[in-house]
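Only one structure is covered here, and it is reproduced in the block below.
Read-outs: derived from the displayed coordinates by stated rules, not from any lab. The structure displayed is predicted, hence computed values, not measured ones. Counting neighbours? That spans all protein chains shown, and the Cβs are built from the backbone with ideal geometry, glycine included.
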Amino acid sequence: MTAQLHIAARDGITPQDDDLGEAAEKDVPLPPLREDLRLMPAGRDAARGKGWLIFDPVRNRYFHITRTMARALACWQAGSVFRLCEALKAEYGLDVSEEGVAAMLRFLASNGLLAVAGGGWKGLVRQAQAHRQPLWKRILHGYLFFRIPLVKPQRWLERLLPHVLWLGRPAGLFLVLVIGLFGLFMTLRQWDVFSATFARSLTAEGLMLHALALVFVKTAHELGHALTALRFGCRVPTMGVAFLVMMPMLYTDVGDAWRVRDHKKRLLISAAGILVELALAGVALFLWAFLPDGPGRAAAYFVAVTSLVGTLAINASPFMRFDGYHILADILSMHNLQPRAFALALWHLRQVLLGLKEAPPEQFPSRLARGLILYAWASWIYRLLLFTGIALLVYHAFPKVLGLPLAGVGIWFFVLKPVGGVVRDWWSRRGEVLRQGRPLRPLLILAGLMLFLVLPIWHTVQAPAVLLAGQEAEIRAPEAARIDEIHIRPGERVEAGTVLATLHSPELAHALKRARIRLRLVEVQLARLAASRTLLEKKAVLEKRRAALLAEIAGLEKRRAALVLKAPVSGQLRDVARGLRPGGWVERGALLARIADGAGQRAAALIVETEVRRIKPGAKAWFIADDPTRARVPLVLTRIDAARREGRDIAYLASVHGGPVAAERDERGAIRLRRGMFPLRLRARMDGFPEKADLCPQACRGRVIVEAEPESLLVRIMRRVFFVIFRGAGF
C-alpha cells in the first residue's frame, strides 16, 4: 500500500526558499494559488486536533496543514501580505505576523502549490523541469527506489466489489475465522509433519513454488487494500510494482484514504492487506490438514507459509512504511508518524547530548512523547540492520565490480547521509552550544568513542564450532534380524561389554543348519573310505570340502554371535532409534543407538582467514553451546589445519544440515563450503572446571571463543573493508 501525505511544519513554517522571506518586510502582493487545488477537512490528529488537507489532483498528493494556514488560504483573496494579516485578525481574531505569512509562502512554493506564470499544464511542466534533478541523481534514485504502474484498476474493482462484499460482513468474517482457527488447530496437531515439510521445501523447485505463492498472496494483499479503499469511497488510480534497492514489491496507490476523516475506516484500509493474508493462511491451513498428499496439499502449504511469513516478518513491522506503520499511525490518530517521532527524538537527543534549551517541535503528552522517542530509536536501529542487510545482499547478488559500488551507494544514501545531515546541523549550531549548552559532554563522548575504536581491547575471536565426545561408537544391526531382547534406554550409562540387545536372524539360522547337515554328510562319507575303493580315491576332495564347510560354519557362528550386541566402549546411550521392542525387525546396518563418552571431549571449529593469523596453538578457548542449558566447556587449541572446504567436521556445521556456515552440495552430493576456512582442533581442559559438570557428551553446535592477539576495533573494521574491496576488485 502506498499513501502520499505531506505535512506543513508547526504553524505552517517550513524554512525553504529564503528569498520569499522578503514578503515580511513590505506589503507585497500575494502570488496566486493554483486553481485546481482543493481544500478539505482532515481527520483529527491526536496532537494537533482538527486539521485540513490540500489536495493536488495533478500529482495525487495530499498536504496536511494547520487550521491557521487553512484560514489564511480562505482569506487569500485579500491580495497582499499586510491585508491578509488584517483579514485574519478581523475574521478569526488570529494574530499572524508577516514572517508567518512568509513561511506559508515558502511552504506553498516549495511544494509547487502556487500558480506558475503562463498557467495551465505548460506552466506545471516548466515548474517540474526547473526542479528536475541532474541525470546522475535520477539514476541513483532510480536504483534505490522506483515504481512501475501496471494497471488502472478503478473500473474492474468497481465490478468486483459487489461480489466480495459478503466477506466483510459479520457472517463472512465469522465463517473465515472459524475455518482459520480450525485449520490452525488441526495443523498444530500435525506440527512435526508441517515443520518437516518446510525443511524439505528448501530446494530449487520449492523456492520456485514459494515465489509463485508469494505473487498470488501479495496480489490478494493489494486487492484487499484497493477494495476496502473503494468500499469507503476512495479512488484507486494505479497498481503496480515498486523496487526498493532492486527488490520488487507490489503496491497500490490508496492515497485517497487521507480524505477519509474517520480514523477507524482508515485503519481498516491499512489493515486490509494483512487481514486478507491471515484469512488466506487460515483457509490454506484448513485445506492442508484435510487434503491428501498431492499438488493440492502442496499448493495449500506454500500459500499458508508464504502468507504467515510475509505478514509477520514484513507487513506487520511498524518501523518501515508498510502496513504496520500505517496501522500504528491510525491507532494513534497521528499523521506523518515517523517524521514527527524522528524530530522529537532528535530534539531530545540535543537536550541530553548538547544541553540545548529549546522548545520541542511539538507538544505531546509526556507518556506519548516517551513512546514516540522509543519508537524513533527502534526505527533507526531496524533501518540500520535492514539496509545494511540489503546492501550485503546486493553485494553478493551482483558481480563484484557492480555489487560493491551499488552496496556502497545504498549504505551512503540510507545510513551515512542521514547521519551526516544531523552532524552538519549540530556543527552549524556550535556557537549556540558554546553559549548555552554543554560543549564538554559531546567532546567527552567523542573521545570515549575514539578510545573505544583505537584501543586494542579485542583479545578474542569467535568461530562456529561443534563439540564432540572423546569416544563415540555406533551400535548397528549386523544383519536383517528380529529383536529378541532389548536393553537400550536413552540417556542410560553403560559399561564396555554390557549386552544391549539380542537379535535373531532366521535366514542366518537356516544357513547354519544347512551347513551343519552338509558337514555331517561329508563326515559320513569320510568314515566309509576304508570300505569303498571309490570313496578312497575321493578322500582329498572330501577333506577339502569338510575344511570349507568348517570355515563356513565358523563364519556363520561368528555372525550369529555378533547378533548379541554389546557396548564397545563405556559411555552414555543417545540417538536411540524409535520403535525398538522385542519382536520388532531391523534392517541390516540400521543405526540402533550411539554411545558417547564425555571424558576427553574435543571440538572442531571453522575460522575465516582474516582471523586465523591472530591465534596460535596452545591458546585457551571456551565452547558456548547453542543450548543455553549447557555449561561452558573450557578448551585448548591443539592444531590449526590448512584451509579446506570438505570434511566430516565441516558437515556438522554446514548450512545444508542447519549449521551456520554457508555450504552447498556438489554434483557428487558431497558437502562443500562456499569459501575455504581453516579448521581448528581443540580438546577439553579440566583446570578450574567442576568435575561433575555436564560436558554435553554428544555432538552439539555452538561457538568457540579463542584467546588471540589484542587488536583494536578500528583495525578490524579497516581490515575487513580492505579485504572486501580487494576481493571485489579481483586482486
Quick one: if you stick a label point 7 Å off each Cα along the C-beta vector at residue 580 and residue 158, how many nm between them? 7.4 nm
Please name whichever of 331, 307, 354 sits farthest to the positive end of the charge dipole of segment 272-364, dipole taken about the Cα centre and charges placed at Cβ: Lys and Arg +1, Asp and Glu -1. 354
Of 385, 345, 414, which is farthest on the positive side of the dipole of segment 336-438, counting Cα position, with +1 on Lys and Arg Cβ, -1 on Asp and Glu Cβ, and the Cα centre as origin? 345
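Please give the charge dipole size of segment 314-384, origin at the Cα centre, charges +1 on K and R Cβ atoms and -1 on D and E Cβ atoms. Round to the nearest 20 debye. Mind showing how you got there, number by number?
Values: 7 positive and 4 negative charges, 42 e Å.
About 200 debye.
Which GluC sites (Glu not before Pro) in segment 430-514 pass both tests, a DSSP loop state and at most 15 other beta-carbon atoms within 10 Å? The partial results should precede the final answer.
Details: sites: 432, 472, 474, 479, 485, 492, 495, 507; in loops: 479, 492, 495.
Qualifying residues, ordered by number: 492, 495.
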Radius, Kirkwood style, for segment 263-315 when every pair of distinct Cα atoms is counted (Å): 11.7 Å
Could you sort the peptides 68-79, 411-422, 269-280 by per-residue average Cβ neighbour count (10 Å cutoff), highest mean leading? 269-280, 68-79, 411-422
Using all C-alpha to C-alpha distances in segment 253-411, build P(r) with 10 Å bins and read off the rounded percent in each one. 10, 24, 27, 25, 12, 3, 1
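What is the gain in length, in nm to one decimal, between residue 610 and residue 388 on full extension, counting 0.36 nm per residue of separation less the C-alpha to C-alpha distance?
Numbers: separation 222, 0.36 × 222 = 79.92 nm, distance 2.08 nm.
Difference between extended and current length: 77.8 nm.
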Given labels modelled 7 Å from the Cα in the Cβ direction, how far is it in nm from residue 165 to residue 351? 5.1 nm
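What dipole magnitude, in Debye to the nearest 20, does segment 138-335 give about its Cα centre under +1 on Lys/Arg Cβ and -1 on Asp/Glu Cβ?
Numbers: 18 positive and 11 negative charges, 128 e Å.
In debye, rounded to 20, segment 138-335 gives about 620.
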What span do the alpha-carbon atoms of segment 398-524 cover on each of the three principal axes, reported in whole Å from largest to smallest? 119, 41, 24
If you look at just the Cα atoms of segment 303-377, how large are its Rg and its Dmax in Å? 15.4, 55
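For segment 345-403, which trypsin sites (Lys or Arg not before Pro) are in a loop by DSSP, counting at most 11 other Cβ atoms within 10 Å? The partial results should precede the final answer.
Numbers: sites: 350, 357, 367, 370, 383, 400; in loops: 357.
Counting only loop positions with at most 11 other Cβ atoms within 10 Å, the trypsin sites (Lys or Arg not before Pro) in segment 345-403 are 357.
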Using only the alpha carbons of segment 336-438, determine the length spanned along each of the three principal axes and report them from longest to shortest in whole angstroms. 51, 32, 19
Which is farthest toward the positive dipole end of segment 138-335 among 287, 275, 161, measuring Cα position about the Cα centre, with Cβ charges +1 (Lys, Arg) and -1 (Asp, Glu)? 161
Using all C-alpha to C-alpha distances in segment 138-335, build P(r) with 5 Å bins and read off the rounded percent in each one. 1, 7, 13, 18, 18, 17, 12, 8, 4, 1, 0
Which value, in debye to the nearest 20, gives the size of the charge dipole of segment 377-474 about its Cα centre, when Lys and Arg are +1 and Asp and Glu are -1 at the Cβ? 840 debye
Listed residue pairs exceeding 27 Å between alpha carbons, taken from 218/264; 50/417; 50/357: 50/417; 50/357
Note: residue 657 to residue 416 extended length (0.36 nm per residue) minus current alpha-carbon separation gives 83.0 nm
7 Å from Cα along Cα→Cβ at both residue 523 and residue 543: what's the point-to-point distance in nm? 1.8 nm
In whole Hz, with x marking every Gly and Pro, tabulate ³J(HN,Hα) for segment 566-571 from phi via Karplus 6.51 cos²θ - 1.76 cosθ + 1.60, θ = phi - 60°. 10, 6, x, 9, 7, x
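Mind checking Rg over Rh on segment 471-594, alpha carbons, Kirkwood formula for Rh?
Values: Rg = 20.4 Å, Rh = 16.8 Å.
For segment 471-594, the value is 1.21.
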